[in-house]
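Asks: One structure is given below, represented as structure tokens, and several questions about it will come after.
The values are calculated or read from the model by the stated rules, or taken from the named source; none is laboratory data. Everything numeric here is computed off the predicted structure, so don't read it as measured data. Reconstructed Cβ throughout: ideal geometry from the backbone, glycine too, with neighbour counts over all protein chains shown. Quick note on the areas: whole protein, heavy atoms, side chains included, nothing else; ligands and nucleic acids left out. Shrake-Rupley method; radii C 1.70, N 1.55, O 1.52, S 1.80 Å.
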Amino acid sequence: QVQLMESGGDLVQPGGALRLSCEASGRFSIITVMAWHRQAPGKQRELVARLGLSSGTINYAASAEGRFTISRDSAKNTLFLQMNSLKPEDTAVYFCYAWGYQGKGWNYREYEYWGQGTQVTVSS
């Protein structure tokens, strides 16, 4: 099992910045991908940014490109999302996500975990 705990959500004015954190604990060695997703009221959950832990590959949603930066502190198993130039449409609950796998062939298994979410509200 892997536990994910987000923090850093807040009320911020348009144009402001926030940094979200996601602290992972438990059986973290099986995790190969971590990501941030968000869900606004009445909308589906969507990917914001994704980081491959071994490859270092980073992907951003078009809405996040150029404004958000995903990073990690590998020593502390912590994932970050630096969000700049925030807009009202960035208002959502932001979720930390982790994916991993174990085994090969017949005993291959995949795992995915979600945090409980942290609220980000962008409003004047």
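Asks: Do we have Gly100 as under 21 Å from Gln116 (Cα atoms), open to solvent by less than 70 Å² (accessible area, probe 1.4 Å) and in contact with a helix residue (DSSP H, G or I) (Cβ under 6 Å, 6 or more places away or on another chain) here?
Replies: On the way: under 21 Å from Gln116 (Cα atoms): yes; open to solvent by less than 70 Å² (accessible area, probe 1.4 Å): yes; in contact with a helix residue (DSSP H, G or I) (Cβ under 6 Å, 6 or more places away or on another chain): yes.
Yes.
Asks: Can you tell me how many residues within the range 1-29 are in a loop (DSSP other than H, G, I, E, B), of a type in the set (Gly, Ala, Ser) and more than 14 Å from the chain's Cα centre (by Cα)?
Replies: Residues of the range 1-29 that are in a loop (DSSP other than H, G, I, E, B), as a first pass: 1, 8-10, 13-17, 27.
Add one more test, that the residue is of a type in the set (Gly, Ala, Ser), and what stays is 8-9, 15-17.
With more than 14 Å from the chain's Cα centre (by Cα) added as a condition, the list becomes 15-17.
Residues in the range 1-29 being in a loop (DSSP other than H, G, I, E, B), of a type in the set (Gly, Ala, Ser) and more than 14 Å from the chain's Cα centre (by Cα): 3 in total.
Asks: Of all residues being among the acidic types (Asp, Glu) and open to solvent by 80 Å² or more (accessible area, probe 1.4 Å) in the range 47-94, which is nearest to Gly26 (Cα to Cα)? Just the residue, please. Before the answer, list the steps.
Replies: Pass one, the range 47-94, residues among the acidic types (Asp, Glu): 65, 73, 89-90.
Checking which are open to solvent by 80 Å² or more (accessible area, probe 1.4 Å) leaves us with 65, 89.
Details: Glu65: 31, Glu89: 34 Å.
Going through the qualifying residues, I end up with Glu65.
Asks: Please verify whether Val93 is at pLDDT 95 or above, more than 20 Å from Val120 (Cα to Cα) and aliphatic (A, V, I, L, M), treating the condition exactly as stated.
Replies: Numbers: at pLDDT 95 or above: yes; more than 20 Å from Val120 (Cα to Cα): no; aliphatic (A, V, I, L, M): yes.
The answer is no for Val93.
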